[in-house]
């Protein structure tokens, strides 16, 4: 009789999550997946606004601050060819500080290229970072953030466990924060 009761208790514990919705880590996983869906939706919106920016002209939804490092191609010591371009895409309304929405960075250094994107929320939080770097075997790295913490990381569309990310990889988040600071300082000078 005790074995039957024990079996029923164990079965109930195992079946409750199936009957009443997922709990524990799977509930957290669903929350992360919703966050990622929301970030992808925002990313697609901003990228579509960027794609039509030149055509839309004054009617476009975003502004663009474009900077070029080493515009005239002088040979960099120890590097040779070097050129860096930064595109800051932002929203602006009269009397309000501009809101950075995306940074795109393209760097050509010693014949290799680095491509970097960072998406920001309207509250200036980093939401997403992408990097593809020839110095790093052209691995496409994607970081998704919620409340300043990484919630998902992938390399070439393969999910990587968050507890295995090296400190070298974390610099990508710091680069997104540094670009935001650079943007803020530019508009602070006005």
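Bear in mind these aren't lab numbers, they're just calculated from the coordinates by the rules spelled out. Everything quoted here is computed from the prediction, not taken from an experiment. Cβ coordinates were reconstructed from backbone atoms using ideal geometry, including for glycine residues, and neighbour counts include every protein chain displayed.
Among 176-185, 69-78, the peptide with the highest mean count of other Cβ atoms within 10 Å heads the list, and the full ranking is 176-185, 69-78. Spatial offset of region 63-125 relative to region 147-168 amounts to 23 Å, using the alpha carbon center of each. Across region 25-188 the C-alpha pair distances fall into 10 Å bins from zero in the proportions 9, 35, 35, 17, 3, 0 percent. Compared with the direct C-alpha span, the chain from residue 124 to residue 70 gains 16.6 nm at full extension, assuming 0.36 nm per residue.
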